[in-house]
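What follows is a single structure, written as structure tokens, with notes after it.
The values are calculated or read from the model by the stated rules, or taken from the named source; none is laboratory data. Since we're looking at a predicted model, the values are computed, not measured. All Cβ positions, glycine included, derive from the backbone under ideal geometry; neighbour counts span all protein chains shown. Side chains included, ligands, DNA and RNA excluded: accessible areas come from the protein's heavy atoms. Shrake-Rupley method; radii C 1.70, N 1.55, O 1.52, S 1.80 Å.
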Amino acid sequence: MTAKQVIESGKAILGIEFGSTRIKAVLIDENNKPIAQGAHEWENQLVDGLWTYSIEAVWHGLQDCYAELRKAVLKQYDCEIESLAAIGFSAMMHGYMAFNEQQEILVPFRTWRNTNTGKAAAELSELFNYNIPLRWSISHLYEAILDNEEHVKDIKHLTTLAGYVHWQVTGKFVLGVGDASGMIPVDPSTKTYDATMVGKFDTLLASKGLPFRLLDILPQCLNAGENAGSLTSEGAKKLDTSGHLKAGIPVCPPEGDAGTGMVATNAVKQRTGNVSAGTSSFSMIVLEKPLSRPYEMIDMVTTPDGSLVAMVHCNNCTSDINAWVGLFKEYQQLLGIKVDMNELYGKLFNKALEGDADCGGLMAYNYVSGEPVTGFSEGRPMFVRSANDKFNLANFMRTHLYGAIGVLKIGNDILFKDEKIRVDRITGHGGYFKTPCVGQRMLAAALNSPISVMETAGEGGAWGIALLAGYLINKNGKTLADYLEDVVFAGNTGTTIAPTAEDVAGFECYIKNYKQCLPIEQAAVAHKA
């Protein structure tokens, strides 16, 4: 069928993902190919010292994103979206969305970016003998308890952003296992919340005199392909304010952006991995067995079908690069030169390839916000050089590209050097890889591993959740890994760049200097407001 016939017959599949700076919708056909897109730009707000998005911004953003998709369909195919074969919602993982019995949010949404949960995370890590990151929902909940926040006693529901949107449009309070593993650890053998840890936390709740137990307030945990409800009439109106979209469409379990990244890069099998690099960055390596011990820098989560994953999550990636490119844009405008941002990024990124492998001694810290992997609760973006360093444009751009994945390297060195983890394939996706070959080459040097990038990886997490929605209705008994391998990707592994010895040695030199210079960043945090 043509794309228009697919849409008119209600056989198209929709994926929507709430990213940090953009909400994106991707409509795919029966062959999993994107046929239309819509987007909405948004930004988090710092309110009372905490990063948040308002509930109003969530719904305005979702509706505007869908409206843009609808406009694109009307323009490209001259038809309306009346029904769909399936829908999926995903969003940035973790964070804290607590609701009362009337489904009213009790405090503003606290995103993954917040680092105010240090005491709670440390105590829970010790209690569970398991690394509990600052951004996980259980850390936010326990920190609110430790801080004696008034709202805690009224909590009836606790979920993530993806879980919230899914709940409101289907009436089902559920969560995909990958996203759920960022609330409290999941047991890979049961593919649901770890019973031992839940029991320990319930003891804490009882000692505080709180009127609920953990499983009372958490969403039901579901695996990829399981029934997660369907779009209600009210949900259809919340999504499509024009009133054309019909109710009854099946909706797959809501997932986090880490899970959709794994799906979009065909990295849910053991011994595969992916790196997502955009506003934040994270690597996901699917393990054959558990790590030898807990590491503060390594988060243990799962794939959307429940396999154990070692995750290195970095709060910062390309934001500081974007700020510097914006400065170059201003310079061009000052000279009266017309600015094409794609061309500007491309030229600057490619210039970095001419730089010294060790960046000529230059150093960049991209810490727009705190960076837990290196122990920073706050950040200050910084560029550092000494008088004798090789200060030129190529080295300047290269050090910022290195700096964007420096923390990622520090975490992954534990996996590859200390734990001797083996991988058959690592795939990159996100804005860091948009300029062909450049980001790939930098990451290959950082991880000392070949890096693949697929053409489809640019579609990102919205495409990934659309694929999970497709799996819901088309799995035909296949595992998720086999469905992706045999049906979606059919052997396509993308283009691969292997590291060179010179680049690897250069990055090792850079990261040694990076670690030695961290006290400069600490001083900036201490003295620069």
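The table for this structure:
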quantity	calculated
Entries of Lys33/Lys420; Lys119/Lys409; Lys191/Lys417; Lys153/Lys191 with Cα pairs more than 31 Å apart	Lys33/Lys420
Considering only the chain, percent of DSSP beta bridges that pair antiparallel, nearest 5	70
Carbon and sulfur %, accessible surface of the chain computed with the full protein complex present, 1.4 Å	49
Inter-probe distance in nm under a simple model that places probes 7 Å from Cα toward Cβ, at Leu204 and Met341	4.1
Distance in nm between pseudo-label sites at Cys437 and Ile105 (7 Å out along the Cβ direction from Cα)	4.5
Mean shadow area of the range 1-106, taken as a quarter of the surface of its Cα convex hull (nm²)	7.8
Separation of the Leu393 and Ser292 label points, Cα + 7 Å toward Cβ, nm	4.8
Length-normalised contact order for the range 417-529 - Cα pairs under 8 Å, 6+ apart - percent	31
Computed lengthening from Glu502 to Asn476, 0.36 nm per intervening residue step minus Cα-Cα distance	4.6 nm
Solvent exposure of the chain as accessible area per residue, Å², 1.4 Å probe	39
Two-decimal Rg to Rh for the range 396-466 - Kirkwood Rh, Cα set	0.99
Dimensionless Rg over Rh [the range 361-410; C-alpha; Kirkwood]	1.01
Segment Lys11-Gln76, extension gain: residue separation times 0.36 nm, minus the distance between their alpha carbons	21.7 nm
Pairs beyond 31 Å (Cα-Cα), from Lys11/Lys75; Lys390/Lys515; Lys24/Lys269; Lys434/Lys528; Lys246/Lys434	Lys434/Lys528; Lys246/Lys434
Amide H partners (placed H, <5 Å) of Ala86, local residues excluded	Leu14
Karplus (6.51, -1.76, 1.60) ³J(HN,Hα), θ = phi - 60°, over the range 28-34, in Hz, Gly and Pro reported as x	10, 8, 5, 9, 6, 8, x
Net lengthening on full extension, His151/Val47 (0.36 nm per residue, minus Cα-Cα)	35.7 nm
Average Cα contact separation per residue, the range 52-164, under 8 Å, 6 or more apart, as relative contact order %	31
Largest to smallest principal axis extent of the C-alpha atoms in the range 248-375, angstrom	55, 48, 26
Expected-Rg normalisation [2.2 N^0.38 Å, Cα atoms] applied to the range 457-529	1.94
Kirkwood hydrodynamic radius of the chain, Cα pairs, Å	23.6
Directionally averaged projected area (convex hull, Cα atoms, the range 191-316), nm²	11.2
Mean residue ellipticity (222 nm) of the chain, computed from DSSP H runs ≥ 4 via -39,500 (n - 2.57), nearest 500	-11000 deg cm²/dmol
Rh by Kirkwood over Cα pairs, then Stokes-Einstein D for the range 289-446 at 1.567 mPa s and 4 °C, µm²/s	75
Rg followed by Dmax, in Å, when the range 82-181 is reduced to its Cα trace	14.6, 52
Separation of alpha-carbon centers, the range 142-169 and the range 393-460, rounded to whole Å	35
